[in-house]
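The structure appears below as structure tokens.
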Amino acid sequence: MATSFSHGQPPRREAMSEEEFHVLEQAFPDLRYEYIDGIAYLMAGGTRAHNQITRNIANAIERHLVSGPCFVCTESVQTLVGTKKSGKKHYMYPDVVISCSTRDSRRNNTLIEEPRIVVEVLSPSTEPKDKGDKLKVYKGCPTIEEIVPVNQFAKEVTVYRRAGDLWSYSLYPAETETVSFASIGYDLRFDDIYRGINFEEPLED
């Protein structure tokens, strides 16, 4: 029998079954959780810069994909990121996800099941997980071809690319001017990624 959760009291981070995770989602519809290796992680709110960069990337890629089968979703849509050999599933909310699947493109769809590219805008509180457990899970998803961590405090982007069973990565500093999304044939300009971001503004402690 699935565990029931009391409203107003989200559970502490602890292992739970997939069924219990979905009960948790229903019990707290105003919150968003990611489910990684059997653990539910409550997602924190982002900064204005995080939101701006996410929208910049999504809007630029969407303009590029306007005439093709691929499409863009942002973090409001849940993504199923593969299934472990044990049968355990992972549910994520990437900041930006691109899919080219006709099944995913249904108008009333609430779950992306065949992601091709995932983008994570890094925050100090999430960077260790984004570069650790989440990166490992993303690499294990058979449909993902590129994983793109984006620095929100400096003009710097990393792209991990799949080549068969192997992964390589490219680091793009600002001097390169563009970031290559090879799996959709698109070079995204740094000026478009960081549009509206003032790096000269001092950060508050």
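The table that follows gives values for the structure above.
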quantity	calculated
Selection from the stretch 60-69 of residues that are at pLDDT below 95 and touching a helix residue (DSSP H, G or I) at 6+ places or on another chain (Cβ under 6 Å)	none
Residue in the stretch 165-177 that is under 28 Å from P69 (Cβ atoms), of a type outside the set (A, V, I, L, M, F, W, C) and in contact with an Asp or Glu (Cβ under 6 Å, 6 or more places away or on another chain) present	no
Candidates I144, I117, filtered to the one that is part of a loop (DSSP other than H, G, I, E, B), at pLDDT 95 or above and either within 15 Å of the chain's Cα centre (by Cα) or among the aromatic types (F, W, Y) (or both)	I144
Residues located in the stretch 76-106, provided they are charged (D, E, K, R) and under 20 Å from D37 (Cα atoms)	K84, K85, K88, K89, D95
Residue check, D104 among the acidic types (D, E) and modelled with pLDDT of 90 or more	yes
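So that you can scan it fast, the table gives a plain yes or no per residue for (1) modelled with pLDDT under 95; (2) polar (S, T, N, Q); (3) within 23 Å of K136 (Cα to Cα):
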residue	(1), (2), (3)
E20	yes, no, no
A27	yes, no, no
D37	yes, no, yes
R48	yes, no, no
A58	no, no, no
E75	yes, no, yes
K84	yes, no, yes
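The values are calculated or read from the model by the stated rules, or taken from the named source; none is laboratory data. Computed from a prediction, not measured in an experiment: that's the story for all the values here. We place every Cβ from the backbone using ideal geometry, glycine too, and count neighbours over all the protein chains shown.
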